[in-house]
Every structure is written in C-alpha cells, then in structure tokens.
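The values are calculated or read from the model by the stated rules, or taken from the named source; none is laboratory data. Predicted model, so just to flag it, every value in this text is computed and none were measured. All Cβ positions, even for glycine, are placed from backbone atoms using ideal geometry, and neighbour counts span all protein chains on display. Surface areas here come from the heavy atoms of the whole protein model, side chains and all, with no ligands, DNA or RNA. Shrake-Rupley method; radii C 1.70, N 1.55, O 1.52, S 1.80 Å.
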Amino acid sequence: MSQGVGVVGLYVRDQDEAVQFYVDKLGFRIHTDVRNGDYRWLTVQHPEQPSFQLGLFTPQAPLVDAATAQTLREMVAKGAMPPLVLVVDDCRAAWEQMRARGVEFSQEPVARYGSVDASFRDPSGNGWKLIQNR
Amino acid sequence: MSQDPELLRRLLRAKDCMDAASHEEWPVQRLARVSHVSAAHFARSFKQAFGLPPHRYLLTRRIERAKTLLRDTDLPITDIVFQTGWSSMGTFGRVFRDITGESPGELRKREQAASHALDRVPACFLNAAHRPDLTIAVSEKRRQQTDSRIASDEAKHTEEEP
C-alpha cells in the first residue's frame, strides 16, 4: 500500500506568473486548474512524481481576511516562508539549464556535506534549495 | 505598518546579494540599485522590512561567517578577517568582541573543543540515553555481586572459622 502527502501549497503573488515559472522554467506540468469566480485552484506536479501536487495559491479573501492576505503577501515577498527543496541528479547541470531559462539564483552550486547545492527563488520570493541527490 | 509586496520582493533581492557575497562591500547606493529605489528609501524600507538597517544585517552575516570559519577550519585568523570582508584585523577584533563577547581566538578554542564533542553526538546521545538504565543495572548488579561475595566470604569465613 502506498500512501503519503498528496498536496502541499505555496502562496504566490500571481498564479499566471507562477505557472509560467513552475511549468516553463522548472519543467513541472499543470495537474489541476479550476476556477470558481475569483478563486482558482491551481496545482502543478513534477513529471517524475505523479503522486504529489504542488499547489500554487494566492492569499485571498474569503479564504483569509483581507488584512491577513496582505500580511501573507508581504511575508512571501520578504522570503519568510518555509524552505522548499528540489532534488536533482546533477545540481550543476540543472543550475545551468535553469539559469539559461531565467531562474533567479541566490546561490551558485557549492559542494558541501558530500553533495552539491544551489539556491533559487520563484518570482514571488519563495526560496528553493536545489540539491543533488546522493 | 504594511509595505508594498512588490517593493519587498525587490528589497529581498538586495538581501540575497548580501547573503551570497557578504565579503563584498555593500554601500547603500549599491543595494538601492539592486532594489531599484533611492538610497534613502532603501535604507528606510529595508529596516522596516527586515528589522535592522542594511549595514548591520551585513555585519551579522560577516560575523556569522567568521564564526563558522573559526569553528570549521584551521585558517589563520588574518585570512578569515580578509575572507569575510574586513579591511583591518583591529576593526574585526574589536567588532567581533563587541558582538560575541569574546575574541576570535577564544571563540575558536571554545568552538573547536565543542565541535569535537559535536562530532561524537550520536555516540554521546546513545550513551546518555542508555546510561540511566545501564548505570542502575550495573550498579545494582555490582552491588548484588558484592553482596553475594560478601555473603559467600562471610559464609566461607563462617565455614573456615570453626
């Protein structure tokens, strides 16, 4: 029996921009994109990880009140949200490829602790660690 | 007081630059250019966003990096001073002591002793986790053995005594 975490969501500032980033630059694909009025349930998934969906959500009313939504947008933009990790086979190759596509790296690949890691941000400010699989 | 998320995202870029290259010089003008705002606006908004002025943030990163190099490497302190962006040993030493409360040499000595212990954390942790039971068991066993030895000695003595 195989079970586990199905969806984890991120707050992003703009869902169209997020799709462009996660799909066009990182190579994810859209899993679900459903609109209901102003609300849009949007999840993407890694092509090699079909059991997991990454939600790209905007902080918005009525899910959170307007003041909270504003606070969340500020927190995301300040890079204060929890860390995210993307695992790749070859960090330097992935870094070169992603950088060529315009991904904003905040740390170039560094070898340490027996692996290689780099850091990048999504357009909203969410911080990702790009780590080479050991 | 709330801030424009779009501005904050640009301030974060400047903060990322300091994080990535804390050994470099980051005058407010340079950071402000990264964030596409005026120098005065940058300094004010950065402090509001991240709780401390940009130069002090840079200082915390440099001290943090110096502490890491003191702990994890055997590089001469003069090398660490220049690698972490200081132009003089004297300034570094004074600021370091002001912030950490000890000299770089003292911190290195203490941290390297501690990090040596840190290397053994799993073993220490295991030992510590097992010690109470083991200690009780061993001491109990030893006490019982001692008791029985004394008892048997006494018995022997009793037997030999007649």
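What do you reckon, is B:R30 away from chain A (no Cβ under 14 Å), open to solvent by 70 Å² or more (accessible area, probe 1.4 Å), among the basic types (K, R) and more than 19 Å from the chain's Cα centre (by Cα)?
Against the criterion (away from chain A (no Cβ under 14 Å), open to solvent by 70 Å² or more (accessible area, probe 1.4 Å), among the basic types (K, R) and more than 19 Å from the chain's Cα centre (by Cα)), B:R30 qualifies.
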ask   = Just wondering, is there one or more residues in segment B:67-81 that are surrounded by 13 or more Cβ atoms within 10 Å (Cβ to Cβ), modelled with pLDDT under 95, closer than 25 Å to A:M75 by Cα and not β-branched (V, I, T)?
value = no
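Matching residues to (1) within 25 Å of B:A49 (Cβ to Cβ); (2) more than 14 Å from the chain's Cα centre (by Cα); (3) open to solvent by 50 Å² or more (accessible area, probe 1.4 Å); (4) not polar (S, T, N, Q):
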| residue | (1), (2), (3), (4) |
| --- | --- |
| A:A18 | yes, no, no, yes |
| A:R40 | no, yes, no, yes |
| A:Q53 | no, no, no, no |
| A:F57 | yes, no, no, yes |
| A:T71 | yes, yes, yes, no |
| A:M75 | yes, yes, yes, yes |
| A:E104 | yes, no, yes, yes |
| A:V110 | no, yes, yes, yes |
A:Q60: passes all of (1) more than 14 Å from every other protein chain (Cβ to nearest Cβ); (2) modelled with pLDDT under 95 but (1)
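Before we move on, is A:V87 surrounded by 13 or more Cβ atoms within 10 Å (Cβ to Cβ) and either among the basic types (K, R) or within 23 Å of B:M18 (Cβ to Cβ) (or both)?
No.
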Looking across segment B:35-57 at residues that are open to solvent by less than 40 Å² (accessible area, probe 1.4 Å), closer than 28 Å to B:I80 by Cβ and part of a helix (DSSP H, G or I), the single one that is nearest to the other protein chains (Cβ to nearest Cβ) is B:F46
Those residues of segment B:1-24 that are within 7 Å of chain A (Cβ to nearest Cβ) and more than 16 Å from A:V76 (Cα to Cα) come to a total of 2
Taking the stated definitions as given, is A:F28 modelled with pLDDT of 95 or more, open to solvent by less than 30 Å² (accessible area, probe 1.4 Å) and closer than 23 Å to B:L8 by Cβ?
no
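What tally of residues in segment A:85-134 results from selecting those that are outside any strand (DSSP E or B), polar (S, T, N, Q) and within 14 Å of another protein chain (Cβ to nearest Cβ)? Quick ask: steps written out before the conclusion?
Step one: list which residues in segment A:85-134 are outside any strand (DSSP E or B), which gives A:89-103, A:113-114, A:122-126, A:133-134.
Filter once more, so that each one left must be polar (S, T, N, Q): A:97, A:124, A:126, A:133.
Okay, now just the ones that are also within 14 Å of another protein chain (Cβ to nearest Cβ), so A:124, A:126.
Number of matching residues: 2.
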Flagged in segment A:77-102 as in contact (Cβ under 8 Å) with a residue 60 or more places away in the chain and within 13 Å of the chain's Cα centre (by Cα), in numbering order, are A:M81, A:L84, A:L86
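Results for (1) over 21 Å from B:E64 (Cα atoms); (2) acidic (D, E), shown as yes or no for each residue.
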{"position": "B:M1", "(1), (2)": "yes, no"}
{"position": "B:R13", "(1), (2)": "no, no"}
{"position": "B:C17", "(1), (2)": "no, no"}
{"position": "B:E24", "(1), (2)": "no, yes"}
{"position": "B:Q29", "(1), (2)": "yes, no"}
{"position": "B:V34", "(1), (2)": "yes, no"}
{"position": "B:A39", "(1), (2)": "yes, no"}
{"position": "B:A43", "(1), (2)": "yes, no"}
{"position": "B:Q48", "(1), (2)": "yes, no"}
Filtering segment B:82-102 for residues that are at pLDDT below 90, among the charged types (D, E, K, R) and surrounded by 13 or more Cβ atoms within 10 Å (Cβ to Cβ) leaves a count of 0
